[in-house]
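The values are calculated or read from the model by the stated rules, or taken from the named source; none is laboratory data. Only a predicted model underlies this, so the values are computations on that prediction, with no experimental measurement involved. No Cβ is skipped: glycine too gets one built from the backbone with ideal geometry, and neighbour counts run over all protein chains shown.
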Amino acid sequence: MIRVFKTGVLAALLLCLWATDGAAESNLDTVREHLAKQESDRAYPLLVRLVGTHTSESDAYLYLGVLERGRGKLDRAIEVFERGVSQGSTDAGLLSELAISYAWRKQFRESLATYGRILRRSPKHRGALLGRARVLAWTGQNSKATAIYKWVLRENPKDLEAMRGLAFVHRSLLELNAAKALYRKILSESPEDSESLAGLRSIEQTTRLSLELALGAAKDASGAVSPSGSAMVVYRYDDKTKLRAQWQSASSPLYGASSANSIEANQHLASIGVSRKMGPKTSLGLGCQLRMGDQGSVHSLPMTFNRTLTTLWSLDLGLRPGLSTSGNEELLVRTGLQYTINSRLYLMAQLFQNWSASDGPSRTIVGSIGTSPTKGLSLRASAAKGTLSIGDYTGISLAIQLNTSHSQQVFLRGESTLEPFRRQSLIAGVGRSF
């Protein structure tokens, strides 16, 4: 009797499982019909219920995850994809979408590991190879990305996606001729390829060398006028590294990135430096600087750290230890925070703190409002309040820049230090990129 009962229960369970699987398959067929008709709003609730039953159908997790991502819910999409994988699915499509979503959320290590799971089972899986190469390129691992793209192109010399990816790597390394040749090859096969057309336009606007020259005059508190000027050269080694050389004379304000926080009217500055992007959100800079004035010369070592905190906030830090020819030590610390109001307008607050063995501590607070330097007119207005060892001061400045093209600019910069250290300067210049 007990054996008969157990057999009956087992049969009922098998019947329920069969009925559940049949219902799931039926619902999935309905979902596919809705998706084929682009009726995602009707497919979505069916998929939510289906995934809620912990179905083993990997397509249910795949479809729902893609819909969630399309609705802008990236975290929810990753959760759905991960649930599908946790059900034991090894479906390459599901794993690929999970890897893509990881990359979009900048979880690059997880993305590469997920592509690796696919490639361990199918070493020649084209989608996983191209996806892995794309993430490698995004993270600056250009040699590894290039090797994958070239392997795919050896297998299929007309693979347009691999050509696009390889062209992107060439562009990021500023190998512009190689990138241009690949884009033109793609357009010979697909004349309306939007990514290649955009790539060619971008190459036309990509520059390696930028020059800036300016001339003007500065007037000190006694009314004496002296000529001022500046020159700057920036060389882009690749899309992550920039080299910079700069000289300026009698035009440095009491505050700013090259500030001495002093009141010398006859001041000259020369500097060289390098900056490097360490990732999509972080960059570092290092340089050496020589500042010459009536009170002697100072050798210093400026260091910078920039970090994008969110889509609206970014952090700017600077440290500049120095040593004067008379043996006095000094240290300038800069802390800045920028808030982006919209695509054009931003606000910035900066604090400069200076410690000098000869002059003691000083401090300057600067507030700025400006517009982004896109094509057309851009402005920046600043106000500063400072405390020096010999007194307090207030300063204002205004910079106007007109971008006549993507490679040429003209600008006008004026600054004035109010009582008690009255000093004004006005400088005009041009910039050109090659």
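Within the stretch 46-81, the set of residues being of a type in the set (D, E) and either within 28 Å of the chain's Cα centre (by Cα) or not in a helix (DSSP H, G or I) (or both) comprises E57, E68, D75, E79. Quick check on the stretch 300-315: of everything there that is in a strand (DSSP E or B) and of a type outside the set (F, W, Y), which residue is nearest to S271 (Cα to Cα)? Checked the stretch 300-315; the qualifying residue nearest to S271 (Cα to Cα) is S300. Looking at the stretch 294-316, which of the residues that are loosely packed, with under 14 Cβ neighbours inside 10 Å and among the aliphatic types (A, V, I, L, M) is modelled with the highest pLDDT? By that ranking, first place goes to L309. No other residue among G318, G322 is part of a strand (DSSP E or B), of a type outside the set (K, R) and in contact (Cβ under 8 Å) with a residue 40 or more places away in the chain apart from G318.
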